[in-house]
Amino acid sequence: MTQTQRLDPAAAKRQLAARARELGFDRLGVARIDIPEDEQHLLRWLDAGFHGEMAYMGRHGLMRSRPQELAPGTVRVVSVRMDYWPAAAFDAEAALEEPQIAYISRYALGRDYHKVLRGALSGLARHLAADIGPFGYRVCVDSAPVLEKALARNAGLGWIGKHTNLISREAGSWFFLGEILTDLPLPEDEPASAHCGTCTACLSACPTQAIVAPYELDARRCIAYLTIEHHSAIPEELRPAIGNRIYGCDDCQLVCPWNKFAHAASHPDFKVRHGLDAARLTELFAWTAAQFKERMRGSAIYRIGYEKWSRNIAVALGNAPKSAEVIQALERRRAGASALVREHIEWALARQRL
Ligand code: B12
Ligand code: SF4
Ligand code: SF4
């Protein structure tokens with residue numbers, strides 16, 4: 001990393017915050033990089049095996065909790081928040097109560113956030129370089145080995161709630177995080193304080209009891225993990241609780257009282273695409289692989305691929321009320337399905353014919 005000469009750190013931070021707003025970010029903060037307690041929690045979480053098939057969470061040694069090992073020279077982390085709540089979408093609770101339609105997590109109804117945030121963050125770093133001269137940085141969104149929530153908390157953006165998502169007092173938790181790791185000694189913000197208090201609504205609301213203790217998520221039970229990150233068969237005992245959730249899960253955030261302060265997304269890329277907020281399960285299940293690719297290109301859903309998409313819908317169809325339409329939709333896909341999908345179709349058909 002190179003560091004710009006004659007830097008005024010406070011002025012650079014003000015410029016960053018102003019540019020961040022222009023680029024569509026809803027909040028920016030600056031964190032110190034040491035997070036020793038979070039490192040201990042991460043190690044315990046990995047030891048317990050809570051990461052399941054997400055082998056990437058255990059790779060990279062301690063790099064995930066030490067940003068200076070990921071990008072040598074890093075002294076600060078600029079953390080940003082971008083709100084994604086799609087206010088115009090079909091009501092989330094109503095969708096969860098309608099078993100013939102697919103529930104897709106609110107964060108995935110629009111364009112892939114990785115693309116949106118990465119583009120805006122790279123723009124932010126380039127703008128700052130134009131304003132103050134060249135400096136060393138690395139942009140991260142989600143997939144880099146970084147403890148994003150712990151750093152965002154230290155940057156003052158919010159606290160890690162008992163459901164393990166970051167919550168802001170003024171904006172709830174429906175937002176994405178991104179970072180710029182930098183060698184600029186920018187002034188640090190105060191870490192945010194925690195405000196869950198005695199509330200345990202998220203623990204009680206979780207359909208699969210994945211929040212095994214406050215602040216501790218056994219990802220192997222979490223529907224977001226099972227429908228997005230888990231590659232093999234979904235454990236049978238967890239399938240009924242998945243209901244109609246075919247991609248991700250929002251229940252712990254839907255019940256969180258702090259989300260009455262959530263803001264609607266202002267970024268146009270988070271508008272609902274392809275009617276995914278209220279699509280019928282049988283219609284989605286009838287898509288061919290080519291249709292999936294064509295329609296989901298540019299969406300986060302594209303990343304799971306057609307096979308996992310089909311596996312997930314088969315589970316939801318198994319949970320749907322018994323009907324000839326559902327049985328027909330499942331039977332139509334049976335012959336051409338992969339072994340993984342076929343097993344989930346058989347399970348669903350058995351439930352439909354009980
Ligand atoms: C792996 C991962 C997942 C996994 C595991 C989730 C998890 N809690 O770790 C799965 C697939 C389940 C998942 C699901 C979701 N994810 Co995710 N995920 C990640 C990822 C890549 C890494 C998270 C991580 O480091 N986990 C490691 C474990 C150890 O961390 P942790 O459980 O949060 O534990 C921390 C604290 O709770 C505390 N702690 C742990 N144990 C204990 C015990 C005690 C006693 C105490 C006091 C504290 C404590 O310390 C830990 C470290 O800070 C991040 C991106 C990133 N690079 O950070 C996105 C990220 C966390 N995910 C995100 C989102 C949006 C989601 C979903 C909402 C998507 C959805 N709707 O389906 C769900 C939410 C599920 C949930 N309740 O958390 C956003 C969260 C934004 C926000 N507002 O917080 C992130 C930041 C991506 C992004 N760039 O925006 N995710
Ligand atoms: S995302 Fe769903 S399954 Fe995962 S912890 Fe939250 S409520 Fe439970
Ligand atoms: S539902 Fe309650 S306990 Fe859970 S994160 Fe929100 S405030 Fe905290």
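Bear in mind these aren't lab numbers, they're just calculated from the coordinates by the rules spelled out. Bear in mind that the values here come from a model prediction, so they are computed numbers and not experimental data. All Cβ positions, glycine included, derive from the backbone under ideal geometry; neighbour counts span all protein chains shown.
Within the range 28-82, the set of residues being exposed (fewer than 15 other Cβ atoms within 10 Å of the Cβ), part of a helix (DSSP H, G or I) and basic (K, R) comprises just one member, R44. Filtered by the rule that a residue be in contact with a strand residue (DSSP E or B) (Cβ under 8 Å, 6 or more places away or on another chain) and among the hydrophobic types (A, V, I, L, M, F, W, C), the range 21-68 gives F25, L28, V30, A31, I33, W45, F50.
Listed here are the residues, each with its yes/no results for (1) surrounded by fewer than 22 Cβ atoms within 10 Å (Cβ to Cβ); (2) farther than 30 Å from M57 by Cα.
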site	(1), (2)
A94	yes, yes
P99	yes, yes
R106	no, no
R118	yes, no
D131	yes, yes
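Mind checking which pairs have a first residue in the range 29-44 that is of a type in the set (F, W, Y) and a second that is surrounded by fewer than 16 Cβ atoms within 10 Å (Cβ to Cβ), Cβ under 7 Å, 6 or more apart or different chains? Matching pairs, first to second residue: none at all.
For the range 143-158, what are the residues that are surrounded by fewer than 22 Cβ atoms within 10 Å (Cβ to Cβ) and not in a loop (DSSP other than H, G, I, E, B)? Within the range 143-158, E148, K149 qualify. Give me the residue from the range 246-284 that is in a helix (DSSP H, G or I) and aliphatic (A, V, I, L, M) and, out of that set, nearest to ligand 3 (Cβ to nearest atom). This residue is L254. Only one of the numbered conditions (1) in contact with a Leu (Cβ under 7 Å, 6 or more places away or on another chain); (2) farther than 23 Å from R153 by Cα is not met by V78, and that is (2). Of all residues in the range 164-192, which are of a type in the set (G, A, S), touching a Lys or Arg at 6+ places or on another chain (Cβ under 9 Å) and part of a loop (DSSP other than H, G, I, E, B)? Hits for the range 164-192 are A171, A192. Residues that are of a type outside the set (D, E, K, R), assigned to a loop (DSSP other than H, G, I, E, B) and closer than 24 Å to H267 by Cα within the range 114-142 comprise just one, V141. Taken together, T282, T227 contain a single residue that is farther than 30 Å from R14 by Cβ, more than 16 Å from ligand 2 (Cβ to nearest atom) and either surrounded by 15 or more Cβ atoms within 10 Å (Cβ to Cβ) or not polar (S, T, N, Q) (or both), which is T282. Have a look at D189, D250, D269, D218 and point out the one that is away from ligand 1 (no atom under 14 Å from the Cβ), within 25 Å of L166 (Cβ to Cβ) and within 17 Å of the chain's Cα centre (by Cα). From the options D189, D250, D269, D218, the qualifying one is D269.
In the range 195-212, the residues that are within 14 Å of I223 (Cα to Cα) and in a loop (DSSP other than H, G, I, E, B) reach residues that are more than 14 Å from ligand 1 (Cβ to nearest atom) and of a type in the set (G, A, S) with C-beta atoms within less than 6 angstrom, at least six apart or across chains, in these pairs: P207/A241; T208/A241. Taking the range 163-215 as the range and being among the β-branched types (V, I, T) and either more than 13 Å from ligand 3 (Cβ to nearest atom) or surrounded by 21 or more Cβ atoms within 10 Å (Cβ to Cβ) (or both) as the test, the residues that pass are I167, I180, T182, T208, I211, V212.
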